[in-house]
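FYI, it's all coordinate maths here, none of it is from the lab. Since the structure is predicted, the reported quantities are computational estimates derived from the model, not experimental observations. Cβ: placed from backbone, ideal geometry, glycine included. Neighbour counts: every protein chain shown.
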Protein chains: 2
Amino acid sequence: MKQEGRAAGTPATLWDRTRLLASRDVLETALRLFTEQGYDETTIAQIAREAGVSQRTLFRYFGTKEDLLGGNQDRFGQVLADAISEQHAEVGVWEALRAGVVAAQALHDGPEQALKRFRLLHDTATLRAGWLEKRLRFQEDLLPLVKARMDLAVGSTDPAARAVIATVFACLDAASMTWVDNDGKGDLMDLYDECLAAVRGCPTATSQP
Amino acid sequence: MKQEGRAAGTPATLWDRTRLLASRDVLETALRLFTEQGYDETTIAQIAREAGVSQRTLFRYFGTKEDLLGGNQDRFGQVLADAISEQHAEVGVWEALRAGVVAAQALHDGPEQALKRFRLLHDTATLRAGWLEKRLRFQEDLLPLVKARMDLAVGSTDPAARAVIATVFACLDAASMTWVDNDGKGDLMDLYDECLAAVRGCPTATSQP
DNA sequence: CGCCGAACTGGCAGTCACTGCCAAACCACT
DNA sequence: AGTGGTTTGGCAGTGACTGCCAGTTCGGCG
């Protein structure tokens, strides 16, 4: 009796449904404990206990303690890449990348959760490291896309494409740091634009001899 | 821990001399094993055994497995900051930062060792993460220095300073990646200049033949 | 020269994230 | 029910890292 007729998005079997439910529970418990007592001070054993699963199962759901933070971190890279490749060919690199950033930013449930997660990310050394590492992989994935848009051969050794991508992430970094420092005041993309202007734009604010 | 001021430069007590000798041994053994069999495949126990010290002592010398890679990684940040603050006030931010990068680059024993270390760094996920994390701390340390040079209040929430610093590191990153991909061919600073030019468009006085 | 206090070293046990293995529980389909 | 494939939980083990407690070594002092 597989009642498959329902909406395409719903999970197929009951098994997967419980699975999803349990994983959501774990995720919520983890985020709660992390914010309550800090990331490093929270052990896997505690999360497993409070979420009602065994440690072993928890590790089967999420391979890593870091993965307990944001389940959609991997989607970040995917959305980014998709949004960029959807841009028309005439659109410049910087604009295309900006569009990608906007799209990826829309993944957050809301500014509340985003700020909470950002703060955790910025305050915990190990989390920061993990995030940066993941980001580096996204950058590598973006490389062919950007190269194509810059009229560079894919096998080219030109560092320009890498530089552009890295700079975009750098500005996003600077923007989000400032955003967190300001307790989430203002729009993140405005800060991003400001950062990019400071780096490439007309030397108004930056004293350039 | 207590640095006696005896003869400036010469090793103070015999104790510290043996200490230095031993730590150099450990460092060499570690780098050798890392390059021979990979970072993750090398255990602390093995390094300690082959270097002739106990694990406990090894951890007292270097607090972390990562610290066994480049003993002078911490000096990187120091040298960078020093070189920047030594620049004349009229020197622009970008130039000052470039000078810092040049100074920091001189820390490497030679292009051979540098390439070896870079390759290890780029190929090992955990090392990459750690390095990025450390770099982020350097960036934070540089913030007041750069803000001052950009005529920004130290307490200002302007993201421009952060953006500039992050971009410099991003370009250094892109340059070193390309450098490694090219097996160390060419000059790293040339690549850096190329990266910065690609990002900022206007080639300022940074190109120095 | 011998001794004492201070710093260093080594070993042991323990914590924590994470993995492999195996038996028990589970759900789906017949 | 029964069977087969999947999932789960517990257990032991690995590897980085820390605290603790002796044992050793160095430096200076009488």
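In debye, nearest 20, what is the charge dipole magnitude of chain B about its Cα centre with +1 on Lys and Arg Cβ and -1 on Asp and Glu Cβ, if you could check?
720 debye
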(message) Given points 7 Å out from each Cα along the Cα-Cβ axis, report the A:R75 to B:A148 separation in nanometres with one decimal.
(response) 4.6 nm
(message) For region B:68-146, which GluC sites (Glu not before Pro) pass both filters: DSSP loop (anything but H, G, I, E, B) and at most 12 other C-beta atoms within 10 Å?
(response) B:E90
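Given the pairs A:K65/A:K116; A:K65/A:K147; A:K65/B:K134; A:K65/A:K134; A:K116/B:K134, which are separated by over 25 angstrom at their Cα positions? Could the numbers behind the result be given before it?
Numbers: A:K65/A:K116 17 Å; A:K65/A:K147 35 Å; A:K65/B:K134 21 Å; A:K65/A:K134 14 Å; A:K116/B:K134 23 Å.
Where the Cα-Cα span goes over 25 Å, the pairs concerned are A:K65/A:K147.
Let's see if you can work this out: charge +1 on each Lys and Arg Cβ, -1 on each Asp and Glu Cβ, no other charges. What is the dipole magnitude of region A:14-68 about its Cα centre, in debye to the nearest 20?
The calculation lands at about 320 debye.
Can you give the relative contact order of chain B as a percent, counting alpha carbon pairs under 8 Å and 6+ residues apart? Show your work: numbers first, answer last.
Numbers: 141 pairs, mean separation 31.1, N = 209.
The normalised contact order for chain B reaches 15 percent.
Quick one: compute a quarter of the convex hull surface over the Cα atoms of region A:119-178 and quote it in nm². Mind dumping the intermediate values first?
Values: hull surface 17.5 nm².
Value for region A:119-178: 4.4 nm².
Report, in deg cm²/dmol and to the nearest 500, the calculated mean residue ellipticity at 222 nm for chain A, where each DSSP H run with n ≥ 4 adds -39500 (n - 2.57) and the sum is divided by the residue count.
Working: 9 runs with 138 residues, N = 209.
Dividing the helical sum by the residues of chain A leaves -21500 deg cm²/dmol.
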(request) Just grab the label-to-label distance for A:R119 and A:V102, each label 7 Å out from Cα along the Cβ direction, in nm (one decimal). (result) 2.9 nm
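Mind checking the dipole of the protein assembly as shown: about its Cα centre, +1 per Lys or Arg Cβ, -1 per Asp or Glu Cβ, Debye to the nearest 20? Kindly include the intermediate steps, with their values, before the conclusion.
On the way: 48 positive and 60 negative charges, 255 e Å.
Dipole of the protein assembly as shown, to the nearest 20 debye: 1220 debye.
Please compute, for peptide B:131-140, the average count of beta-carbon atoms on other protein chains lying within 10 Å of each residue's beta-carbon.
On the way: counts 3, 8, 9, 2, 1, 7, 2, 0, 4, 1.
Average per residue, whole number: 4.
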(message) Just to verify a number: FRET efficiency for B:Q55 and B:D181, C-beta to C-beta distance, R0 = 45 Å, to 0.05?
(response) 0.80
(request) Would you compute, for the Cα atoms of region A:93-147, the largest minus smallest coordinate along each principal axis and list the three values in descending order, in whole Å? (result) 34, 24, 14
(message) Which one, A:I44, A:T29, A:Q55, is farthest towards the positive end of the dipole of region A:14-68 when Lys and Arg carry +1 and Asp and Glu -1 on their Cβ?
(response) A:Q55
(request) Quick one: check the C-alpha center-to-center distance for region A:159-183 versus region B:74-110, whole angstrom. (result) 21 Å
(request) Using all C-alpha to C-alpha distances in chain B, build P(r) with 5 Å bins and read off the rounded percent in each one. (result) 1, 6, 13, 16, 17, 14, 12, 10, 7, 3, 1, 0
(request) Run through all the Cα pairs of region A:77-118 and give the fraction in each 10 Å bin from 0, expressed as whole percent. (result) 31, 42, 22, 5
(message) Could you tell me the extents of the protein assembly as shown's C-alpha atoms along the three principal axes, largest first, rounded to whole Å?
(response) 84, 57, 44
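Roughly speaking, what % of Cα-Cα pairs in region B:14-68 are separated by over 15 Å, rounded to a whole number? Don't jump to the answer; show the numbers that get you there.
Details: 594 of 1485 pairs.
Every Cα pair in region B:14-68 considered, those over 15 Å come to 40 percent.
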